[in-house]
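The values are calculated or read from the model by the stated rules, or taken from the named source; none is laboratory data. Please read these numbers as outputs of a predicted model, since none were measured by experiment. Cβ placement follows ideal geometry from the backbone for every residue including glycine, while neighbour counts extend to all protein chains displayed.
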């Protein structure tokens, strides 16, 4: 329906305008703006009202619909109960689930399935030209970054675009497995990514929580597969610096394969034992956990 | 302290905007907090720089420390230079264990063996970026601290960002040093240049927002379905068309900010296609033509072309492929095959 005019009719115009002019010396344009704003506000209010009414009418119709459906189902149940006398122990057949209920159940179970996949770390979704995978990484209970891969399936499986960091050897892994065994490709890539974020997490935790023990800077690289740093060890009320070189030889592993812990030549002989013990610890335990055990010991 | 070093520090401080000087000196860390407290940072820059030089004199600064201050300045204001991207290749497939000390040693050794007079300074940053500053000299003159090249390298990647100085002749030596130090085999220049270093990184490291369709366990926020203009008296005539354009735009450009490049250049070497009867050109030679698009932010302006009604959506793939192909210099020759990508030559 049309909107009633909100601003005064032409006869009243001049009178109103003079009135307004007396109060707003900024002139005609300002007055026009004022009128436009008023018209807009009124239009908004009217629209809201109309929407409310429409919504009310819709809901009323829906209620009618549902009542009708309920009555139909009731009638159906009554009919069935009349036709088949209830046998002992048998439960009356429930009305077959409506198409809508089946659909809702399907959607719910699909969502649950996708949620499970997401929790396993690899999830996918069909796209227009292929599939889009999402690899979610985590380290010891902490969810870390997610990486995406957009794959085309025609004419052959290829990576269209991705958000995998540049220093992960994606092309190498793809060359080996993408064409032949896509599950393996995703699994290997997921291992690389999870190990990388695990190593990075350990190094970040070390820098964040144990900077007091560290001496100087922690030398690391993009893949976090070579860490070199110095830390203080106290013995007989004196502190000695230890130098550590951690090499993570296996790109799919978040523990180092080579550990070299060395102390300065002037350190007492007893420290050599400590160095060996620390070396062994770094090989077995996550870096920040190892340091936690030092500070508590 | 050397006269030249003092002058260099003075000029570097003068480049810094006044409000940032204290912060940069703190980052530099060469002057103590107590010393910084003695400087009045509200006076004119000339006087501030004189005070700084005075304090550096007390601490006996040499060119090495001055070079670090220069790196800090360029790291905070990289957009004052043009950066080119280079890509390195190697055939081996073993995992790289990038050792920073090893890299620095090899780099310095190779440069110094070819050119004795060169100042090399390194600075590592939190994001695994290694900044290298090289001031070039000649076999007979000391390094000119005002003719510097900068290299930014992220370990275990194959990309290097170089902002060369005026002395282009030193570029091959620099490239060779990088290849040897990082254990690669060769290096080539990519057709990608811009003032914005971070945008170049975004493009080659694929950090710009790409629209990935994935199932997200979090419910997607309902897009506001209510029409924008509530006034019923205003009707959108081309609503469908607008929505189609928005959708296409979002598919091509994604939702996030675009990497910042300032120009795209297309060198055309194609034949002039005219009515065969007219026979405009006597010789059948390719028509040579250079088309250059420039803008303070080229990709954002391309993104807004279709919604603004200035171009048809979808835009030509030659324009929209820039971040994905990681290049903004193109050579277009005659189409030889049927595949659309074949006519853009490297």
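Has the stretch B:195-206 got any residue that is over 23 Å from residue B:127 (Cβ atoms), in contact (Cβ under 8 Å) with a residue 12 or more places away in the chain and surrounded by 20 or more Cβ atoms within 10 Å (Cβ to Cβ)? Spell out the reasoning first.
Quick first cut of the stretch B:195-206, residues over 23 Å from residue B:127 (Cβ atoms) only: none.
Checking the stretch B:195-206: not a single residue is over 23 Å from residue B:127 (Cβ atoms), in contact (Cβ under 8 Å) with a residue 12 or more places away in the chain and surrounded by 20 or more Cβ atoms within 10 Å (Cβ to Cβ).
Taken together, the residues in the stretch A:115-142 that are in contact with a helix residue (DSSP H, G or I) (Cβ under 8 Å, 6 or more places away or on another chain) and free of Cβ contacts under 8 Å to residues at least 40 places away in the same chain amount to 4. Filtering B:164, B:129 for residues that are within 22 Å of residue B:72 (Cα to Cα) and either within 14 Å of chain A (Cβ to nearest Cβ) or modelled with pLDDT of 90 or more (or both) leaves a single hit, B:129. If only residues of the stretch A:145-157 that are buried (at least 16 other Cβ atoms within 10 Å of the Cβ) and more than 9 Å from chain B (Cβ to nearest Cβ) are counted, the one that is nearest to the chain's Cα centre (by Cα) is A:147.
How many residues does the stretch B:106-135 hold that are free of Cβ contacts under 8 Å to residues at least 40 places away in the same chain and more than 25 Å from residue B:200 (Cβ to Cβ)? Qualifying residue count, the stretch B:106-135: 7.
Restricting attention to the stretch B:163-188, the residues being exposed (fewer than 14 other Cβ atoms within 10 Å of the Cβ) and either in contact (Cβ under 8 Å) with a residue 40 or more places away in the chain or not assigned by the TED database to the domain that holds residue B:107 (or both) number 3.
Comparison of A:214, A:255 shows that the only residue that is buried (at least 18 other Cβ atoms within 10 Å of the Cβ) and either within 9 Å of another protein chain (Cβ to nearest Cβ) or under 17 Å from residue A:278 (Cβ atoms) (or both) is A:255. Of the residues making up the stretch B:134-161, those that are away from chain A (no Cβ under 14 Å) and under 19 Å from the mean Cα position of the chain (by Cα) are B:134, B:148, B:149, B:150, B:151. Residues that are at pLDDT below 85, in a helix (DSSP H, G or I) and within 14 Å of chain B (Cβ to nearest Cβ) are absent from the stretch A:94-108.
I'm trying to understand the selection: among the residues of the stretch A:112-129, which are more than 7 Å from chain B (Cβ to nearest Cβ) and within 13 Å of the chain's Cα centre (by Cα)? The answer is A:119, A:121, A:122.
Looking across the stretch A:217-240 at every residue that is modelled with pLDDT under 85 and out of contact with any strand residue (DSSP E or B) (no Cβ under 8 Å at 6 or more places or on another chain), the one that is surrounded by the fewest Cβ atoms within 10 Å (Cβ to Cβ) is identified as A:237.
Within 14 Å of chain A (Cβ to nearest Cβ) and at negative phi, is that true of residue B:121? The answer is no for residue B:121. Being closer than 17 Å to residue A:123 by Cα and more than 10 Å from chain B (Cβ to nearest Cβ) is the filter; apply it to the stretch A:158-184 and report the residue that is surrounded by the fewest Cβ atoms within 10 Å (Cβ to Cβ). Only one residue tops the list, namely A:183. Assessment of the stretch B:103-114 against the conditions (surrounded by fewer than 18 Cβ atoms within 10 Å (Cβ to Cβ), modelled with pLDDT of 90 or more and within 14 Å of chain A (Cβ to nearest Cβ)) yields at least one matching residue.
Residue count for the stretch A:143-195 under the criterion of being in a strand (DSSP E or B), more than 21 Å from residue B:158 (Cα to Cα) and touching a helix residue (DSSP H, G or I) at 6+ places or on another chain (Cβ under 7 Å): the result is 2.
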